[in-house]
Amino acid sequence: MTSAFYKDWLKSLNAEEQKKFAGILQKSPDEIQKILKKQFLGKFKMRCTITQDHLNITLESDNKPSRQITVRSRIRPVNEYVSACVKIFKISNCELHLHDTFKTYKDVMEILKDCKVSNVTAWETRKEKTNPETFLDLFGNVPEVSIQNLNWVGGVIHRPKAVPFEFKKLYVANGTWVSIKHLTETLIDCEEVLLRECVLSNLEARSFLKRWIVGSRMRKIFIGYSRFNLKTIMKNLPATPFIGTICVDYKDYKMSEGQCYIIQQNNGRRAAVFQNDDKYFLGLSTKFKSRAY
C-alpha cells in the first residue's frame, strides 16, 4: 500500500524530478522516507480532503518561493497515505475536509495528533448516526470546527467529557440537537459559535443570557431558525434597550424598538443582543459598534 502512495506522489512532480526520483521506488518504504526527508527540507502546510471515493492531499512549503505538491488517489485506506506525508514532511499546519466514516476521522486525527490541525470541516455519512458530542469531542483540540452534517434523530446525548469545549470558531449547520444545556455548559466557553436549525424556546434563550452574564469566554453567537421574541427573552434581565445601528463583523443592522439590548457581564464586558426583522436569528456579540438615532 505504501508503495502505491509513492507512485501517486511521483505523478505530482515535474519531469526533471520524476527522472531524479524514479529509481527510489525500488527501495523499501523506510529507505524512501530517508531520501525524501533530505530532499524536502523545511515545513509544509497540508490540506487534506477525504471522501469515500477519493483522497486529495496538497502540501505547500513555507519556503519562498513556496513549493506545492498534490497527491490524489482512489486507493484505500487513506491512513497510510496521511501517515506517509507526516513521516516525510514536517507539517506546520493542517486543514481537513472530511466526507467519510467516523472511524476514518478517528484514524486520521490519531495520525495527526502531534501536528497542528488548524481547522476541520466534516460531514457524517448517510449510514452513520454518531453522538453529536462524541463527534465534537474528536475535534476538541482543533481551534476552528465546521460540522456540515450530522444524522442525529433524537435520543439521549451523553457528554464524553465534563470540561466545556473552547473552540475558537464552531459552526453547526444542523443544530437541532443543541439544547439549553449545551449552551450553558458544553459550549459556553467557545469564542465564536454559529448554530443553524437550532430549536430553543424564549425561556431557554433567557437562561443562556443569564449564564453568559455570570461569566463566559464567548464573544459571539448567532442562533438561527428559532422564532424568538426578544422582548420576552429580555424581560427581567439587566439590560439597556438600544435603538439605532449596530455594526457586527462590518455589517450594519438597523435596530428599532425591541430589536436590540445591551447587556454586561459581571466582569464588565458588554455585548449587544439583537435580531433582524424576520426574527430568523438571535445574535450576541461583544465586538460591536453602535450609532444611536
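The values are calculated or read from the model by the stated rules, or taken from the named source; none is laboratory data. If you're wondering where the values come from, they're calculated on a predicted model, not measured in any experiment. Glycine also receives a Cβ, built like all others from the backbone with ideal geometry; neighbour counts cover every protein chain displayed. Accessible surface is based on the protein model in full, side chains and every heavy atom, while ligands, DNA and RNA are left aside. Shrake-Rupley method; radii C 1.70, N 1.55, O 1.52, S 1.80 Å.
Overview of values
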read-out: Evaluation of LYS64 against (1) in a loop (DSSP other than H, G, I, E, B); (2) under 21 Å from PHE139 (Cα atoms); (3) open to solvent by 70 Å² or more (accessible area, probe 1.4 Å) (one fails), failing number; value: (2)
read-out: Test: residue in the stretch 71-90 that is touching a Ser or Thr at 6+ places or on another chain (Cβ under 7 Å) and farther than 23 Å from PRO29 by Cβ; value: no
read-out: Matching option when the condition is of a type in the set (Val, Ile, Thr), part of a strand (DSSP E or B) and either open to solvent by 90 Å² or more (accessible area, probe 1.4 Å) or touching a residue at least 24 places away in the same chain (Cβ under 8 Å) (or both), among THR70, THR58; value: THR70
read-out: Residues of the stretch 87-108 classified as open to solvent by 10 Å² or more (accessible area, probe 1.4 Å), assigned to a helix (DSSP H, G or I) and at pLDDT 90 or above, total; value: 5
read-out: Filter result for the condition that a residue is within 17 Å of GLU204 (Cβ to Cβ), touching a residue at least 24 places away in the same chain (Cβ under 8 Å) and of a type in the set (Ser, Thr, Tyr), over SER285, SER216; value: SER216
read-out: In the stretch 92-108, the residues that are closer than 18 Å to GLU144 by Cα and in contact (Cβ under 8 Å) with a residue 40 or more places away in the chain; value: SER92, ASN93, CYS94, GLU95, LEU96, HIS97, LEU98, HIS99, VAL108
read-out: ASP278 vs. criteria within 26 Å of ILE147 (Cα to Cα), surrounded by fewer than 18 Cβ atoms within 10 Å (Cβ to Cβ) and not basic (Lys, Arg); value: yes
